[in-house]
Amino acid sequence: MAQIESTLKRIHFAERTLLGLTFVSLLVHYVFHFQGTAFMTLFCIATALLYFPFGFYFIGKPAENYPNTISIILGFVYALGMIAILLSALNIDSYRYPLIFDFFILLAVVIYFIFKMRSEAYPQTYVNAQFIRSGFIILCSLFILLA
């Protein structure tokens, strides 16, 4: 229980809020068939901006002796995943097919980086936070593909 709590503390409040609002807007769009997508667009773009330009802050370094490169690369990958979710949910020119391609590429990149982090002895809470972030993107992608 303490490890789950410390893992969730690694994810900033703004990020948790935007991820939750993105998931709720996806549910409202697909379950209730609400066609207003302004909220979904706003939440996905805000989350993508949190990840890519500000990934060094929101994803953070695991400790002081680690470089920022892994957090910047993971932030870029997560931002691409959020934009793929947005384009697929809005169904812009049948973007569900590139979502399948994006889904497998993002899955492979994230799995590679997570196993690399495990082999280089990154802190467990940092690795678990990456699992939560990538799991969210994968869960939303699968929800869009199956809806």
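The values are calculated or read from the model by the stated rules, or taken from the named source; none is laboratory data. This structure is a prediction, so every number in the text was calculated from the model and none was measured. All Cβ positions, glycine included, derive from the backbone under ideal geometry; neighbour counts span all protein chains shown. Remember, those area values only see protein heavy atoms, side chains included, never the ligands or the DNA or RNA. Shrake-Rupley method; radii C 1.70, N 1.55, O 1.52, S 1.80 Å.
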query: Name the pairs: first residue in the stretch 43-58 and over 20 Å from Val28 (Cα atoms), second residue open to solvent by 70 Å² or more (accessible area, probe 1.4 Å) and in a helix (DSSP H, G or I), Cβ to Cβ under 6 Å, at least 6 apart or on different chains?
result: Phe52/Phe76; Gly55/Ile72; Phe56/Ile72
message: Against the condition aliphatic (A, V, I, L, M) and open to solvent by 10 Å² or more (accessible area, probe 1.4 Å), how does Leu142 come out, does it pass?
response: yes
field: Leading residue by the ranking (least open to solvent (accessible area, probe 1.4 Å)) among those in the stretch 48-71 that are closer than 21 Å to Ala84 by Cα and not in a helix (DSSP H, G or I)
entry: Ile59
- prompt: How many of the residues in the stretch 122-137 are open to solvent by 40 Å² or more (accessible area, probe 1.4 Å) and either within 9 Å of the chain's Cα centre (by Cα) or of a type in the set (A, V, I, L, M) (or both)?
  reply: 1
query: Is it fair to say Leu18 is part of a helix (DSSP H, G or I), open to solvent by less than 50 Å² (accessible area, probe 1.4 Å), in contact with a Ser or Thr (Cβ under 9 Å, 6 or more places away or on another chain) and aliphatic (A, V, I, L, M)?
result: yes
